[in-house]
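Asks: Sharing a structure with you now.
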Amino acid sequence: MRINRRPALLAALVLALAGCATGTAPAPDAVLVAGASGQTGQLVVAQLVAEGYRVRALVRDPAKAGVTFPAGVNVVGGDVKDPATLGPAMAGMTYVISAIGAKSGKGPDRPEMIDYEGVRNLATAAKAAGIRQFVLVSSRSVTQEDNPLNKMFG
């Protein structure tokens, strides 16, 4: 029997952001979701919209994203491998959620370039933009060298 942990993950992300809200009535804080067109990113965007957040979806190429986001989501282009594209994407945002992930073990989108450099670029840009909270969604078993995914991606 496989347990679907995605609803719990999404609830945890929303609660993490809600914990940063101030005042009695939560303002529609703005959240940038990096990796918004991926499986997890799409779920995060949908949940944030449902919770009343203003959402900006960061995708590499909006024309090629192949995803229809909920109404009101602002889709912007940017690449975590290109730090110059991240600052403008974060302008006016309160929070950043990184749901990025490598797609192959080799080449320009290997884990070193996406899961390490890309996350570092996002965190650096978030700090420079004065982002209140940075949430990193990571892979289960990321610290287990013998995990089949870690072996596959090197």
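The values are calculated or read from the model by the stated rules, or taken from the named source; none is laboratory data. None of these values were measured; they are calculated from a predicted model. We place every Cβ from the backbone using ideal geometry, glycine too, and count neighbours over all the protein chains shown. Only protein heavy atoms, including side chains, enter the accessible area calculation; ligands, DNA and RNA are left aside. Shrake-Rupley method; radii C 1.70, N 1.55, O 1.52, S 1.80 Å.
Asks: Test of understanding: what is the full-extension gain from A128 to K103, defined as 0.36 nm times their sequence separation minus their Cα-Cα distance?
Replies: 6.2 nm
Asks: Applying 1/(1 + (r/R0)^6) with R0 = 30 Å to the Cβ-Cβ distance of R120 and K64, what FRET efficiency is obtained, to the nearest 0.05?
Replies: It comes to 0.75.
Asks: Additional query: Can you order the peptides 50-62, 73-85 by their average number of other Cβ atoms within 10 Å per residue, highest first?
Replies: Values: 50-62: 19.8, 73-85: 16.8.
In descending order of packing, they fall as 50-62, 73-85.
Asks: If you don't mind, there's one more thing I want to ask. Whole number in Å², please: accessible area per residue of the range 65-110, 1.4 Å probe, ligands, DNA and RNA not counted. Don't jump to the answer; show the numbers that get you there.
Replies: Working: 2170 Å² over 46 residues.
Accessible area per residue, the range 65-110: 47 Å².
Asks: Can you give the local net charge around E112? Use residues other than it whose beta-carbon is closer than 14 angstrom to its beta-carbon, Lys and Arg +1, Asp and Glu -1.
Replies: +2
Asks: Going from most exposed to least, what order do S98, S138 have by accessible area with a 1.4 Å probe? Mind dumping the intermediate values first?
Replies: Details: S98 0, S138 70 Å².
Listed by decreasing accessible area, they come as S138, S98.
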